[in-house]
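A.B. asks: Got a structure here, written out as structure tokens. Questions coming.
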Amino acid sequence: MTKKDRYKHFVEYFSKHKPDAVTELHYSNPYELLVAVILSAQCTDKRINQVTPALFERFPTPGALAASTPEEVFNYIRSVSYPNNKAKHLVGMAKMLVELFNGEVPSGLEYLQKLPGVGRKTANVIASVVFDEQAIAVDTHVFRVANRIGLTTSARTPLAVEKQLMKNLPKDVPGIAHHWLILHGRYICVARNPKCEICPISWFCKYYEQSQTESALKKAEALKVKKVKEQKKKNALNKISRELKKRSVDEG
Ligand code: SF4
């Protein structure tokens, strides 16, 4: 199957079965989404959704967050990964929103990436979810699943994956494809032991195709070894039988 075919099947399958895929982070405005995405780096959405209600209640606007301190914010996010750094980033990000962007989340990767705690991945999420731009954020799930399915080839960095996906996906798809890949990676194509046996897209997955070929080769090799062993055993038995016959003739 060609890469072009895999893209075609990928888009067709998920357009049909997950036409409304969205982020699992809870938020009600661009500011809250930005906070949630910054917090979600190397942490689960489930965990982030547990801490954000109290955080958003205490800091409902960028202004409220900007007026706080990392020490205070830390108390609200202590259960997420890297709480010290994230608390500093959140306060720094809020201050910049207030000082440079009138308290609004700016559009455009260039501006978004100036905010503390916002890298290319977070900026792409905001660009696609908030501003409806066709961008694809590459996190660990997107990176792994795109590679396994065979949508990317020899892409060693998130940026390389992003470029290949942007080049090959239809123009109106990257925004939602990000959610397709994340959700598939979170629930089926998990990092260790992907659930290929129940995966509905195994029929066009490159990893699955290769693993099936490898397993067929291994089976053929095991069969060959078994046959050789059986033949050796047979030869040995024939030899013993011939020797016994010869001995009985000599004795007779
Ligand atoms: S077949 Fe396996 S490796 Fe391929 S997408 Fe499905 S779970 Fe992932």
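A.B. asks: Considering the options L181, P83, A222, tell which one lies farthest towards the positive end of the dipole of the chain, charges being +1 on Lys and Arg and -1 on Asp and Glu at the Cβ, about the Cα centre.
C.D. replies: The listed residue farthest towards the positive side: A222.
A.B. asks: Now for a separate question. Normalised by the residues of the chain, what does the relative contact order come to in percent, with Cα pairs under 8 Å and at least six apart?
C.D. replies: 17
A.B. asks: Considering only the other residues whose Cβ falls under 15 Å of the Cβ of K4, what net charge follows from Lys and Arg at +1 and Asp and Glu at -1?
C.D. replies: My count for the surroundings of K4 gives +3.
A.B. asks: Which residues does a label at R78 reach in region 18-41, if reach means a backbone N under 13 Å from a point 7 Å past the Cα toward the Cβ?
C.D. replies: From region 18-41, the list is empty.
A.B. asks: In a GNM of the chain with a 10 Å cut-off on Cα contacts, which of A177, A220, A146 has the highest mean-square fluctuation?
C.D. replies: The residue with the greatest mean-square fluctuation here is A220.
A.B. asks: Given R₀ = 22 Å, FRET efficiency for K8-Q134 by Cβ-Cβ distance, to 0.05?
C.D. replies: Using R0 = 22 Å, I get an efficiency of 0.75.
A.B. asks: Moving on to the next point. Only Lys, Arg, Asp and Glu count, each charged at its Cβ (+1, +1, -1, -1), so figure out the dipole size of the chain about its Cα centre, rounded to 20 debye.
C.D. replies: It comes to approximately 2380 debye.
A.B. asks: Quick one: check the C-alpha center-to-center distance for region 201-223 versus region 89-140, whole angstrom.
C.D. replies: 42
A.B. asks: I've got another one for you. What residues qualify as long-range amide H neighbours of V190, i.e. H under 5 Å apart, gap of 5 or more or another chain, H built at 1.01 Å from N?
C.D. replies: For V190, the qualifying residues are K195.
A.B. asks: Of I38, G117, Q164, which is farthest towards the positive pole of region 3-187's charge dipole, taken about the Cα centre with +1 and -1 on the beta-carbons of Lys, Arg and Asp, Glu respectively?
C.D. replies: About the Cα centre, the residue reaching furthest to the positive side is Q164.
A.B. asks: Suppose only helical runs count, i.e. DSSP H with n ≥ 4. What mean residue ellipticity at 222 nm does that imply for the chain under -39500 (n - 2.57) per run, divided by all residues and rounded to the nearest 500 deg cm²/dmol?
C.D. replies: -21500 deg cm²/dmol
A.B. asks: For each of E251, E12, count neighbouring Cβ atoms within 10 Å of the residue's Cβ, then give the residues from fewest to most.
C.D. replies: Starting with the residue having the fewest Cβ neighbours, the order is E251, E12.
A.B. asks: Please give the FRET efficiency for E243 paired with N193, using the beta carbon to beta carbon distance and R0 = 41 Å, rounded to the nearest 0.05.
C.D. replies: Once rounded, the FRET efficiency stands at 0.20.
A.B. asks: Turning to a different aspect of this structure: With all pairs of different alpha carbon atoms counted, what Kirkwood hydrodynamic radius in Å does the chain show?
C.D. replies: That comes to 21.5 Å for the chain.
A.B. asks: When the chain is modelled as a GNM with alpha-carbon springs shorter than 10 Å, which of A216, A123, A191 fluctuates the most?
C.D. replies: A216
A.B. asks: Among K16, K226, K86, which one shows the biggest mean-square fluctuation in a GNM of the chain, springs joining Cα atoms closer than 10 Å?
C.D. replies: Looking only at K16, K226, K86, the biggest GNM fluctuation is shown by K226.
Bear in mind these aren't lab numbers, they're just calculated from the coordinates by the rules spelled out. Just so it is clear, the structure is predicted and the values come from calculations on it, not from any experiment. Cβ coordinates were reconstructed from backbone atoms using ideal geometry, including for glycine residues, and neighbour counts include every protein chain displayed.
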